1. Run the numbers on region 93-175 and let me know its relative contact order in percent, using alpha-carbon pairs under 8 Å that are six or more apart.
2. If R₀ is 30 angstrom, what is the calculated FRET efficiency for the pair Ile117 and Gln43, using the beta carbon separation as r and rounding to 0.05?
3. Antiparallel as a % of all DSSP beta bridges within region 93-175, to the nearest 5?
4. Measure off, as a whole percent, the carbon and sulfur share of the 1.4 Å-probe accessible area of the chain, all protein chains present.
5. Under unit Cβ charges (Lys, Arg +1; Asp, Glu -1), what dipole magnitude, rounded to 20 debye, does the chain have relative to its Cα centre?
6. Can you tell which of Leu45, Leu146, Val111 lies farthest toward the positive end of the dipole of the chain, using +1 and -1 charges on the Cβ of basic and acidic side chains (Lys, Arg; Asp, Glu)?
7. Roughly how many nanometres apart are two label points built 7 Å out from the Cα toward the Cβ at Ala169 and Arg13?
8. Translational D (Stokes-Einstein, µm²/s) of the chain at 4 °C and 1.567 mPa s when Rh comes from the Kirkwood sum over C-alpha pairs?
Amino acid sequence: MVTLALTKGRILRESLPILREAGICPVGDVFSSRKLMFATNIQHLRLLILRGVDVPTYVQFGAADLGITGKDQLLEHGGQGYYEPLDLKIATCRLMTAVLPNVEVRFDRTVVATKYINVARKFYAGLGRQTELIKLYGAMELAPLLDLSDEIVDIVDTGNTLAAHGLVAQKLIANISSRLIVNKLAMKGNFTVVNEIINSIRNVLGSDYEAN
Ligand code: PRP
């Protein structure tokens, strides 16, 4: 049995049509069901519906052979235990810092609220800035308004959420899109089946989608 872990939400909505075109269809309604695991039309392939943050962990430890999740989650996870063969170029957005306008940057020790603690640590260290990092699990936009932090690191798509809270995007950390990842051992052990799945998705996408 080969297991492909998908990310619920926008990535699921945008990845299912690609999978369908690649000949992979879930049995059952993945959007309305409470189930987290689905059989597919392919006898030896099943799907998991996970939170994006958990997909790299499932694939790293081989609980899933393959996964589709955002590059933001891969950057935060660190990339151990899997290859990243394909950039699906879906669910695109930007990982950015954001601040309240007209607030002076504190170079001595900037307080940054984010769920991307590892990404933020690396990014600010690269700028040579001292930071205190505060881990949040959502609603990052509130942190500067309530003096919890000076800055946030978060996903920006339309920019509407930042604007609704009077924040402005400042520095681009990374352009984000969804990636196909593959457990390193699964590439060896289940090579034929796993490779068939990768190739069927690759054939739908075309040659321009190799991850870099
Ligand atoms: C993300 C992100 C921002 C918002 C940005 O949240 O955390 O809040 O989208 O999108 P925008 O620029 O189009 O306004 P999401 O809705 O994915 O929920 P989350 O807080 O669970 O990440």
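1. On the way: 162 pairs, mean separation 40.4, N = 83.
Once divided by the residue count of region 93-175, the mean separation gives 49 percent.
2. Values: r = 41 Å, r/R0 = 1.36.
Rounded to the nearest 0.05, the efficiency is 0.15.
3. On the way: 11 of 19 bridges.
Counting only bridges with both partners in region 93-175, antiparallel ones make up about 60 percent.
4. 52
5. On the way: 23 positive and 21 negative charges, 91 e Å.
Dipole magnitude for the chain comes out near 440 debye.
6. Leu45
7. Each label point lies 7 Å from its Cα, and together they span 1.9 nm.
8. After rounding, the answer is 71 µm²/s.
The values are calculated or read from the model by the stated rules, or taken from the named source; none is laboratory data. Source: prediction; values computed, not measured. All Cβ positions, even for glycine, are placed from backbone atoms using ideal geometry, and neighbour counts span all protein chains on display. Side chains are part of the model used for accessible areas, which takes the heavy atoms of the whole protein and leaves out ligands, DNA and RNA. Shrake-Rupley method; radii C 1.70, N 1.55, O 1.52, S 1.80 Å.
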